[in-house]
1. Only one of these conditions is not met by LEU178: (1) closer than 20 Å to ARG144 by Cβ; (2) over 10 Å from the mean Cα position of the chain (by Cα). Which number is it?
2. Look at the stretch 183-223 and say how many of its residues are in a helix (DSSP H, G or I), among the aliphatic types (A, V, I, L, M) and farther than 22 Å from LEU137 by Cα.
3. Going through the stretch 171-182 one residue at a time, which ones are without any contact (Cβ under 8 Å) to a residue 60 or more places away in the chain, in a helix (DSSP H, G or I) and not charged (D, E, K, R)?
4. Among the listed residues PRO117, PRO71, which satisfies the condition of being free of Cβ contacts under 8 Å to residues at least 60 places away in the same chain and either touching a Leu at 6+ places or on another chain (Cβ under 7 Å) or open to solvent by 30 Å² or more (accessible area, probe 1.4 Å) (or both)?
5. Checking the structure you have, find out if any residue of the stretch 198-212 is under 27 Å from ALA118 (Cα atoms), within 19 Å of the chain's Cα centre (by Cα), small (Gly, Ala, Ser) and surrounded by fewer than 17 Cβ atoms within 10 Å (Cβ to Cβ).
6. Can you tell me which condition ARG84 does not meet? The list is (1) farther than 23 Å from TRP162 by Cα; (2) basic (Lys, Arg); (3) at pLDDT below 90, and all the others hold.
7. Could you please find all residues in the stretch 195-215 being touching a residue at least 60 places away in the same chain (Cβ under 8 Å) and either in contact with a helix residue (DSSP H, G or I) (Cβ under 9 Å, 6 or more places away or on another chain) or aliphatic (A, V, I, L, M) (or both)?
8. Out of the helices (runs of 4 or more DSSP H) lying entirely within the stretch 66-170, which hold 3 or more residues that are within 30 Å of ASP21 (Cβ to Cβ)?
Amino acid sequence: MTDAPAVQDPEEALIASRDLDGGRPLEPGKQVPYGHVLYAAALLGRSPAEVVSRLTALGYADIQDAGVPFPDAVGLDDAALIRREGYRWSMQRWIDVAEPVSLRQLVETAEHAGRGPADVARRLTALGYRIGGSGPLPESPDPRDVMLIRTDPRGEGSWLGWGDEVSAAHVLEAAERLSCSPHAAATRLASLGLRLPYTPEAEDERLLTVGDTYGARWLGRYMSPPMGHVLAVARETGRSPQDIVDRLKALGTGRPDGPVPESPEEDDFVLLSENLDGCRPWLRKNTVVGLRVEYILRASLATGRSPASVAARLAELGHWLHGNAKLPEAADEADIRLLDTMDRSYLDEVHLEKVLRSASLTGRSPADVAARLTALGHTLPDEVEYPDVRGSLAAS
């Protein structure tokens with residue numbers, strides 16, 4: 001290895017330095033990257049051909065060739081596109097002109113520059129680079145593009161490349177990470193030239209929207225759409241419930257927890273809404289303890305059905321009632337108030353302190369509370385004797 005040439009002229013010192021700052025010189029005998037030439041030309045307001053001539057005069061004869069003529073002039077904005085940013089690129093500062101520009105390089109460059117991928121692709125092509133993909137790219141910038149094409153967010157992760165097929169699960173996972181709608185993620189991925197297992201449709205936005213709050217707005221991977229959601233979207237779009245389920249499956253979600261009715265009954269929307277008002281949020285299936293009896297009683301009062309009829313219809317729609325539960329013949333507000341004080345399911349015994357708490361909150365005697373809970377199917381210890389005296393701290 002020969003020593004770097006001594007340079008006195010400030011411009012030549014900059015051209016011949018690794019970092020284009022007049023500091024550490026380029027290694028003699030090592031090829032000068034194409035990007036180094038373009039960036040030096042932009043910094044000095046010179047043509048790339050002039051930079052090459054001066055490098056050659058300084059003894060740097062091996063200069064990377066793009067296979068096309070150098071551009072006549074390079075602006076700083078354009079030259080910045082070829083510089084790889086961040087600590088990861090400390091060993092390779094420039095996009096390599098010898099290789100097609102990868103999708104990852106393109107979207108990272110677009111993000112850093114605040115420019116659209118299509119604009120970046122055009123400018124890189126004008127500067128002598130080859131884009132690895134073909135077809136139209138989005139004109140609008142979107143900083144989420146980088147994370148959209150990551151298939152593994154850990155460490156350096158792995159990345160989608162030009163023309164790769166994207167799974168429906170990846171769309172849902174990326175949307176969840178980025179807090180954007182899955183439909184927006186799908187359409188952006190398709191615009192970047194990636195292949196999806198389905199064609200994004202405008203109605204997908206509505207099909208995947210289940211809530212209004214952050215973190216519970218869209219259906220995610222493996223999530224089963226609530227039956228109320230399926231029926232509501234079918235009603236709004238004029239499509240059949242089964243068609244909605246099939247489309248959601250293609251979009252990567254799970255299936256509803258129960259059989260899909262061909263057409264809903266008149267009060268199904270009330271029965272399936274958590275607030276019994278026919279609107280979302282929709283009732284989700286509890287796979288551990290089943291329906292709460294107080295919900296059935298409230299639904300009975302809201303619809304005029306008997307508790308048994310409510311439970312039967314909800315069972316047809318995929319919801320179930322625990323085997324120990326005992327439904328009264330008619331709904332009673334007093335039972336609802338009592339059950340609202342309980343934090344025990346039918347899987348647990350109701351111990352003395354829970355009975356006393358419920359008695360205090362409802363103004364009923366512990367003996368009355370214990371008897372009514374037993375009648376509704378809850379299990380209480382046999383050895384306890386409950387006083388027949390009312391509490392004085394009944395809730396208003």
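The values are calculated or read from the model by the stated rules, or taken from the named source; none is laboratory data. Because the structure is a prediction, the values reported are computed rather than measured. Cβ coordinates were reconstructed from backbone atoms using ideal geometry, including for glycine residues, and neighbour counts include every protein chain displayed. The accessibility values were calculated without ligands, DNA or RNA, using every heavy atom of the protein model including side chains. Shrake-Rupley method; radii C 1.70, N 1.55, O 1.52, S 1.80 Å.
1. (2)
2. Step one: of the stretch 183-223, the residues in a helix (DSSP H, G or I) are 183-191, 204-208.
Keeping just the survivors that are among the aliphatic types (A, V, I, L, M) gives 184-186, 189-190, 207-208.
Cutting the leftovers down to farther than 22 Å from LEU137 by Cα gives us 207-208.
Within the stretch 183-223, residues that are in a helix (DSSP H, G or I), among the aliphatic types (A, V, I, L, M) and farther than 22 Å from LEU137 by Cα number 2.
3. ALA174, ALA175, LEU178
4. On the way: PRO117 fails: free of Cβ contacts under 8 Å to residues at least 60 places away in the same chain.
The conditions single out PRO71.
5. Among the residues of the stretch 198-212, at least one is under 27 Å from ALA118 (Cα atoms), within 19 Å of the chain's Cα centre (by Cα), small (Gly, Ala, Ser) and surrounded by fewer than 17 Cβ atoms within 10 Å (Cβ to Cβ), which makes the answer yes.
6. For ARG84, the failing item is (1).
7. Answer for the stretch 195-215, where residues must be touching a residue at least 60 places away in the same chain (Cβ under 8 Å) and either in contact with a helix residue (DSSP H, G or I) (Cβ under 9 Å, 6 or more places away or on another chain) or aliphatic (A, V, I, L, M) (or both): just VAL210.
8. Of the helices (runs of 4 or more DSSP H) lying wholly inside the stretch 66-170, those with at least 3 residues that are within 30 Å of ASP21 (Cβ to Cβ) span 76-79, 103-113, 117-126.
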